[in-house]
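Everything below concerns the one structure shown next.
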Amino acid sequence: MTTSYAMINPFEAIQVREYQDHKVVSYGVSSYGYDIRCADEFKIFTNVNSTIIDPKAFDHKSFVDFKGDVCLIPPNSFALTRSLEHFRIPRNVLAICLGKSTYARCGIIVNVTPLEPEWEGYVTIEISNTSPLPAKIYANEGIAQLLFFESDEVCEHSYHDRQGKYQGQVGITLPRP
C-alpha cells in the first residue's frame with residue numbers, strides 16, 4: 001500500500017541502522033510500522049521573553065530557530081522539528097506515532113498527534129527533554145515510529161473533507177487557533 005499510494009516520500013524499504021559506516025538511530029520499515037526521521041530544522045523553546053504559552057494566541061518569539069545535524073535541547077525544555085518524510089494517508093488508514101525507545105531511555109519524549117485519514121504533509125514533531133541535562137537530537141536519523149491501522153471501509157468524514165487546519169503543512173507548523 002505504501003508504494004502504490006505513495007504514502008511516504010522518501011521511503012526506506014528496510015530498517016537502516018548504519019549510514020556511511022557509522023551507527024544511526026534506526027529509520028525505515030520496522031516490524032509493524034515505519035520509523036520516521038527528523039529534519040535538520042528545529043525551533044527550540046526559550047523563555048527569554050517570559051511569555052505565557054497560549055495555543056489560541058501563540059507568540060512566535062518563544063522559539064529560537066536552529067538548523068544543523070545535532071540539536072541540543074535545554075534541560076526541562078522542548079523543541080519542534082518536522083519529519084524528513086512527506087505523508088499522504090489513505091482514506092481508510094489512521095497512523096499513530098510513538099517515540100523511539102533509544103530516546104525514551106534518555107528521558108526524551110516525542111509527541112505527535114494522529115495522522116488522520118486523508119491528511120497530507122510533513123509531520124510536526126514535539127520533542128521534550130524531561131532530564132536535568134541538555135539532550136542531543138540527531139537530524140536525519142530516526143525519532144519516532146508510526147503504526148498504521150487500516151479499516152475495512154473508508155471513513156465517513158476525512159481530515160481533507162473537514163478542511164483540517166494542518167492539511168498540507170510544509171515546514172515546522174506552530175499552533176493555529
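The values are calculated or read from the model by the stated rules, or taken from the named source; none is laboratory data. None of the values given here were measured: they were computed from a predicted structure. FYI the Cβ positions are ideal-geometry reconstructions off the backbone, even for glycines, and counts take in every protein chain you see.
Structure notes:
Residues are listed down the side, and each one gets a yes or a no for (1) farther than 21 Å from Lys56 by Cα; (2) charged (D, E, K, R); (3) in contact with a helix residue (DSSP H, G or I) (Cβ under 6 Å, 6 or more places away or on another chain):
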residue: Pro132; (1), (2), (3): yes, no, no
residue: Gly142; (1), (2), (3): yes, no, no
residue: Glu153; (1), (2), (3): yes, yes, no
residue: Gln163; (1), (2), (3): no, no, no
residue: Gln167; (1), (2), (3): no, no, no
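- Residue in the stretch 57-71 that is part of a strand (DSSP E or B), buried (at least 18 other Cβ atoms within 10 Å of the Cβ) and at pLDDT below 95 present: yes
- Residues in the stretch 40-55 that are in a strand (DSSP E or B) and in contact with an Asp or Glu (Cβ under 9 Å, 6 or more places away or on another chain): Asp40, Glu41, Phe42, Lys43, Ile44.
- Given (1) in a loop (DSSP other than H, G, I, E, B); (2) at pLDDT 95 or above; (3) closer than 19 Å to Ala144 by Cβ; (4) not β-branched (Val, Ile, Thr), index of the condition Pro90 fails: (3)
- Selected residue [in contact with a Cys (Cβ under 6 Å, 6 or more places away or on another chain) and either in contact (Cβ under 8 Å) with a residue 12 or more places away in the chain or part of a loop (DSSP other than H, G, I, E, B) (or both)] from Ile96, Ile127, Ile172, Ile137: Ile137
- For Leu98, the conditions (1) in contact with a Ser or Thr (Cβ under 8 Å, 6 or more places away or on another chain); (2) surrounded by fewer than 17 Cβ atoms within 10 Å (Cβ to Cβ); (3) modelled with pLDDT of 95 or more; (4) of a type in the set (A, V, I, L, M) all hold with the exception of (1).
- Positions within the stretch 142-177 being under 13 Å from the mean Cα position of the chain (by Cα), among the small types (Gly, Ala, Ser) and surrounded by 16 or more Cβ atoms within 10 Å (Cβ to Cβ), in sequence order: Gly142, Ala144
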